Amino acid sequence: SSSVPFLASFLSYLASFSLGLAMIFLVAGLVSKIAPRFQGAANVDSAFRWLAFSSTATYLGGFFLIVPKAAPLSLLLAVYGAAIAWCGITPMLNVGKERRLMFALTTTLAVAAFFGVGILLLWAFGSR
């Protein structure tokens with residue numbers, strides 16, 4: 001039977017988690033640059049709070065992936081995180097409700113690109 005040693009598994013998880021946190025800082029900078037294009041505020045602190053608050057549910061949901069029967073809770077928390085992000089666009093980033101959808105789509109594409117780069121980096125520099 002082939003199994004991944006605990007230490008290697010833990011270090012891989014730690015690297016993924018750390019990169020995810022670093023990505024939040026990078027994406028906050030990007031969001032603060034995107035927001036003014038939608039008449040929002042160019043405020044890195046607000047962008048960071050918005051991202052951190054809305055992604056917390058998703059990060060917590062990741063722990064449910066450890067137990068296969070509890071995995072659907074992970075999806076539920078990811079949806080909840082998306083709802084928090086949607087509701088927080090106007091009050092936290094000052095993007096008007098009429099521009100919220102385009103802002104959300106633009107930001108989602110930017111985040112997907114950032115995480116795509118992060119995954120490529122993990123693959124390129126990860127253990128082989």
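Just one of the listed residues (24, 34) is part of a helix (DSSP H, G or I), in contact with a Leu (Cβ under 6 Å, 6 or more places away or on another chain) and at negative phi, and it is 24. Per the listing 106, 90, the residue uniquely free of Cβ contacts under 8 Å to residues at least 24 places away in the same chain, open to solvent by less than 60 Å² (accessible area, probe 1.4 Å) and over 25 Å from residue 11 (Cα atoms) is 90. Considering only residues in the stretch 113-127 that are open to solvent by 80 Å² or more (accessible area, probe 1.4 Å) and free of Cβ contacts under 8 Å to residues at least 12 places away in the same chain, the one that is nearest to residue 31 (Cα to Cα) turns out to be 117. The number of residues in the stretch 25-50 that are under 15 Å from the mean Cα position of the chain (by Cα), open to solvent by 20 Å² or more (accessible area, probe 1.4 Å) and free of Cβ contacts under 8 Å to residues at least 40 places away in the same chain comes to 3. For the stretch 62-78, a tally of residues being in a helix (DSSP H, G or I) and surrounded by fewer than 12 Cβ atoms within 10 Å (Cβ to Cβ) returns 4.
The values are calculated or read from the model by the stated rules, or taken from the named source; none is laboratory data. This is a predicted model, so every value here is computed, not measured. In this analysis, Cβ positions are derived from the backbone assuming ideal geometry, glycine residues included, and neighbour counts consider all displayed protein chains. Accessible surface areas use protein heavy atoms only, side chains included; no ligands, DNA or RNA. Shrake-Rupley method; radii C 1.70, N 1.55, O 1.52, S 1.80 Å.
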